[in-house]
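The values are calculated or read from the model by the stated rules, or taken from the named source; none is laboratory data. Keep in mind it's a predicted model, so treat the numbers as computed, not measured. For neighbour counting, all protein chains shown are included, and Cβ atoms are generated from backbone atoms with ideal geometry for every residue, glycine included.
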């Protein structure tokens, strides 16, 4: 396995630019905080003690390494390449998000911060933030759009049980982009005591590089694990692409090996023909500067972010991390998309063939593997990064598959509560 922190030929320059993208475009009052964070991270990545502490947390708190599972039933049913699942859902808190939250919590402690804040869409980053806040003794506030609060209520409940304040965001589209804006406003007002744990490989420098580095453990593990299955390396690596944390985490180990094909899968929603029906940034998006960084965004003719749609809250975002755009421009990364319908079909197929319930975000990557595998010979290998598990999506999946028993159960709970209230 490679060292915990390693550079590739696709890294940012010293100012955080990935070619024309990335950088740091923030109000002047946030510059000292970002400079402090950049210095703390530069010092930490050179400190063997920091690497030891983070590795210990990965192993003994989060439960790494996560397994690389040969999905033999699914591979046999599709009749092509061998599909392997990197099951990040078996991490503590149920997703890959704990990786960068642990790294940033150690940095916040190193900087002497007393409070952490975060934004969240699907709730997995918020849950991981709340978890590390409890572990390290930080005061914690998580911002979440009202739409996402409603569709990810289980994660809201767990965050609150961990002692975190969840603040619903009621302006704009009431989804992830608005939660980001609310978190940035809070950070501006409390910057001296607060660290903002951004939930993906985006935002102003150094966040895109820093979070990628904390997530790179995923691909580094795959390098070793795929050999245990008789393959010297993966032929294809597939991951869903929201901001870029899970995708860059698994891609990073293979960026300098052109024999490994990298595929990122965006959220095609209801279809990519009309803005507002999807969250596929490379299907109608264009360059812009938003929320502190330059990247690709879905925008209207006035340059305002458009509404997005995805059945998965974690992919329902108008922007994408700058390194993702850079890799696409350099021809190193192929971007595609899966629709809501395809994601649900992939969810059901993986569940029924392998007994694994993927998060709806990850189901987009599974959908691409299902399309790709039959076109390849059996001697080829596909690794899918299953960024999280699907128990958080029970309400969305039950509605999508029209499970009447589940809906009847929910109605019975509502009726019982109403009867209790009238007594």
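The set of residues in the stretch 381-414 that are more than 30 Å from residue 249 (Cβ to Cβ) and either part of a strand (DSSP E or B) or modelled with pLDDT under 85 (or both) comprises 406, 407, 410, 411, 413, 414. Scanning the stretch 80-100 for residues that are more than 21 Å from residue 357 (Cβ to Cβ) and touching a strand residue (DSSP E or B) at 6+ places or on another chain (Cβ under 8 Å), we see that the one that is surrounded by the fewest Cβ atoms within 10 Å (Cβ to Cβ) is 81. Does the stretch 238-245 contain at least one residue that is within 17 Å of the chain's Cα centre (by Cα), assigned to a helix (DSSP H, G or I) and under 29 Å from residue 344 (Cβ atoms)? So far as the stretch 238-245 goes, yes, one or more of its residues are within 17 Å of the chain's Cα centre (by Cα), assigned to a helix (DSSP H, G or I) and under 29 Å from residue 344 (Cβ atoms). Each residue in the stretch 354-380 was checked for being in contact with a helix residue (DSSP H, G or I) (Cβ under 6 Å, 6 or more places away or on another chain) and crowded, with 17+ Cβ neighbours inside 10 Å, and 13 of them qualify.
Just one of the listed residues (18, 50) is closer than 28 Å to residue 204 by Cβ, more than 23 Å from the chain's Cα centre (by Cα) and modelled with pLDDT of 95 or more, namely 50. Here residue 206 fulfils each of the conditions (1) touching a residue at least 60 places away in the same chain (Cβ under 8 Å); (2) on the phi < 0 side of the Ramachandran plot; (3) touching a strand residue (DSSP E or B) at 6+ places or on another chain (Cβ under 9 Å) apart from (3).
Return yes when residue 43 is within 25 Å of residue 126 (Cα to Cα) and at pLDDT 95 or above and no when it is not. Step through it out loud before you land on a result.
Values: within 25 Å of residue 126 (Cα to Cα): no; at pLDDT 95 or above: yes.
No: the conditions fail for residue 43.
Entry remark, the stretch 288-311: residues being farther than 29 Å from residue 6 by Cβ and either touching a strand residue (DSSP E or B) at 6+ places or on another chain (Cβ under 7 Å) or buried (at least 18 other Cβ atoms within 10 Å of the Cβ) (or both) number 12 in total. The set of residues in the stretch 24-52 that are out of contact with any helix residue (DSSP H, G or I) (no Cβ under 8 Å at 6 or more places or on another chain), assigned to a loop (DSSP other than H, G, I, E, B) and surrounded by 13 or more Cβ atoms within 10 Å (Cβ to Cβ) contains only 25. Tallying residues that are farther than 23 Å from residue 198 by Cα and in a helix (DSSP H, G or I) within the stretch 286-327 yields 0. All conditions in (1) in a strand (DSSP E or B); (2) surrounded by fewer than 20 Cβ atoms within 10 Å (Cβ to Cβ) hold for residue 223, with the sole exception of (1).
Let me confirm something: among 276, 264, 268, which residue is over 14 Å from the mean Cα position of the chain (by Cα), closer than 22 Å to residue 309 by Cβ and not in a loop (DSSP other than H, G, I, E, B)? On inspection, the qualifying residue turns out to be 268.
Any residue at all in the stretch 1-22 that's under 25 Å from residue 131 (Cα atoms) and surrounded by 13 or more Cβ atoms within 10 Å (Cβ to Cβ)? Explain how you work it out, then say what you get.
We begin by selecting, within the stretch 1-22, every residue under 25 Å from residue 131 (Cα atoms); these are 4-5.
Subset that is surrounded by 13 or more Cβ atoms within 10 Å (Cβ to Cβ): 4-5.
Scanning the stretch 1-22 turns up at least one residue that is under 25 Å from residue 131 (Cα atoms) and surrounded by 13 or more Cβ atoms within 10 Å (Cβ to Cβ).
Pairs are defined by a Cβ separation below 8 Å, a sequence spacing of at least 6 or placement on different chains, a first member in the stretch 3-14 that is touching a residue at least 24 places away in the same chain (Cβ under 8 Å), and a second member that is exposed (fewer than 14 other Cβ atoms within 10 Å of the Cβ) and in a loop (DSSP other than H, G, I, E, B); the pairs so defined are 8/256; 9/256; 10/256; 10/330.
Restricting attention to the stretch 113-137, the residues that are in contact (Cβ under 8 Å) with a residue 40 or more places away in the chain and either closer than 14 Å to residue 180 by Cα or not in a helix (DSSP H, G or I) (or both) add up to 13. Here 346, 338 are screened, and the one residue that is more than 19 Å from residue 260 (Cβ to Cβ) and assigned to a helix (DSSP H, G or I) is 346.
Could you say which residue among 164, 175 is touching a strand residue (DSSP E or B) at 6+ places or on another chain (Cβ under 7 Å), modelled with pLDDT of 95 or more and surrounded by 24 or more Cβ atoms within 10 Å (Cβ to Cβ)?
Working: 175 fails: modelled with pLDDT of 95 or more.
Only one candidate passes the filter, namely 164.
I'm checking my understanding of the structure. Among residues of the stretch 62-79 that are touching a residue at least 24 places away in the same chain (Cβ under 8 Å) and touching a strand residue (DSSP E or B) at 6+ places or on another chain (Cβ under 9 Å), which one is surrounded by the fewest Cβ atoms within 10 Å (Cβ to Cβ)?
Start the filter on the stretch 62-79 by keeping residues that are touching a residue at least 24 places away in the same chain (Cβ under 8 Å), which leaves 62-71, 73-75, 77-79.
In the following step, the residues that additionally are touching a strand residue (DSSP E or B) at 6+ places or on another chain (Cβ under 9 Å) were identified as 66-71, 74-75.
On the way: 66: 24, 67: 13, 68: 19, 69: 18, 70: 18, 71: 23, 74: 23, 75: 21.
It comes out as 67.
The criterion of being crowded, with 16+ Cβ neighbours inside 10 Å and in contact with a strand residue (DSSP E or B) (Cβ under 6 Å, 6 or more places away or on another chain) does not hold for residue 193.
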